[in-house]
1. Under a plain spin-label model, where a point goes 7 Å from the Cα along Cα-to-Cβ, how far apart in nm are PHE164 and ASN111?
2. In whole Å, what three semi-axes, largest first, describe the equivalent ellipsoid of the chain built from its Cα gyration tensor (square root of 5 times each eigenvalue)?
3. Can you list the trypsin sites (Lys or Arg not before Pro) in region 216-296 that are in a DSSP coil and have 16 or fewer other beta carbons within 10 angstrom?
4. Can you tell me, using C-alpha contacts under 8 Å and at least 6 residues apart, the relative contact order of the chain as a whole percent?
5. Give, as a single signed number, the net charge of other residues whose beta carbon lies under 12 Å from the beta carbon of CYS273, with Lys and Arg counted +1 and Asp and Glu -1.
6. When the label point is put 7 Å from the Cα of LEU23 along its Cα-to-beta-carbon vector, which residues of region 140-161 have a backbone N closer than 18 Å?
7. With springs connecting C-alpha atoms under 10 Å apart, model the chain as a Gaussian network and identify which of THR14, THR55, THR25 has the largest mean-square fluctuation.
8. Antiparallel as a % of all DSSP beta bridges within the chain, to the nearest 5?
Amino acid sequence: MAGQSPPRLLVTGTSGQVGGELLHTLAPLGTLIAPRRAEMDLADAASVRGFIRETRPDWIVSAGAYTAVDKAESERDLAFAINAEAVAVMGEEAKALGATMLHYSTDYVFNGQGTTPYVESDPTAPLGVYGASKLAGEEALLASGANAFIFRTSWVYGATGKNFLRTILKYAREREELRIVNDQHGAPTWSRDLARMAAHVIRHGEAAATPSNLRGVYHAAGSGETTWAGFAQEAIAQLRQREPAAKLAQVNGIPTVEYPTPAARPANSRLNCGTLEAAFGWKMMDWRESLSNVLPELEAS
Ligand SMILES: NC(=O)c1ccc[n+]([C@@H]2O[C@H](COP(=O)([O-])OP(=O)(O)OC[C@H]3O[C@@H](n4cnc5c(N)ncnc54)[C@H](OP(=O)(O)O)[C@@H]3O)[C@@H](O)[C@H]2O)c1
């Protein structure tokens, strides 16, 4: 726990979707340390260790990750270096410093069987290298003994970065029909909601309101659920309301077998976020409401 001076917050992955939002959202909470890749390369354990020892943060907010789900199938070592080994080092260093770590993980730690939302204690069984590397990161972080909070999220999107929403809306303007998978179920999660949730948890911690027995894994995905096709349909419907004259594609649902990818995706990505709400009083925003917040920002960008 930090003393009188503002806490030092080390944030990784600030050129990414969640990290970019964290930069803005966490700024009022303390002194931000946001290394570029050249200063702290997550693929290089020595670089991670050295940077943390040099900067001595009170909090490490770990949003940097290897996120190329399909490419990971052929880049196993790199995915594990970034998603597992770097996280292990951050955990060790956080433990040594007495720092608290917030870390993002993924629904892809599950195999997607079943039709009910996963709870944190459900058995993990990743379908691909990305999920396996993120799970290894979770396990290493918990084993480090650091005061750590792991937030598994799903289907992250926002007004910036590379994400499904931006891709779909671009194609919606260019094409007449979009064929999108309709048998994978989950919830889109707004990158800003994930950043705000982190700020909320840090405020709790700085107010000494976070008992150490709250450390562990939490599910943190948008409220509600849909499919990728449902997400696209809703996005296009909301865009149509904003731009009645726009010519936008029609969405037709297809089964996953008609859209093969190098890495298999879980059919059930639903995450039950009740534990997060009970522990921190934080309810993730409904995905449709998030979408209505993001669309105007996309137009402005
Ligand atoms: N995106 C999703 O749908 C999704 C779903 C579930 C969970 N998550 C998790 O949520 C978290 C945030 O994801 P996101 O969507 O914000 O990711 P993102 O937009 O892909 O950003 C990843 C960030 O990690 C950085 N990074 C990658 N390799 C690095 C390296 N070797 N050294 C330093 N930085 C490196 C990237 O920097 P560069 O710009 O230099 O590459 C970028 O800033 C991650 O833990 C991810 O696993 C994401």
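Please treat every number below as a calculation from the coordinates, not as lab data. All figures in this text were calculated on a predicted structure; none of them were measured in a lab. Reconstructed Cβ throughout: ideal geometry from the backbone, glycine too, with neighbour counts over all protein chains shown.
1. Label-label distance for PHE164 and ASN111, simple model: 2.2 nm.
2. The three semi-axes for the chain are 32, 21, 18 Å.
3. LYS247, LYS283
4. It rounds to 21 percent for the chain.
5. Summing Lys and Arg as +1 and Asp and Glu as -1 gives -3.
6. 157-161
7. THR55
8. Antiparallel bridges: around 5 percent, rounded to the nearest 5.
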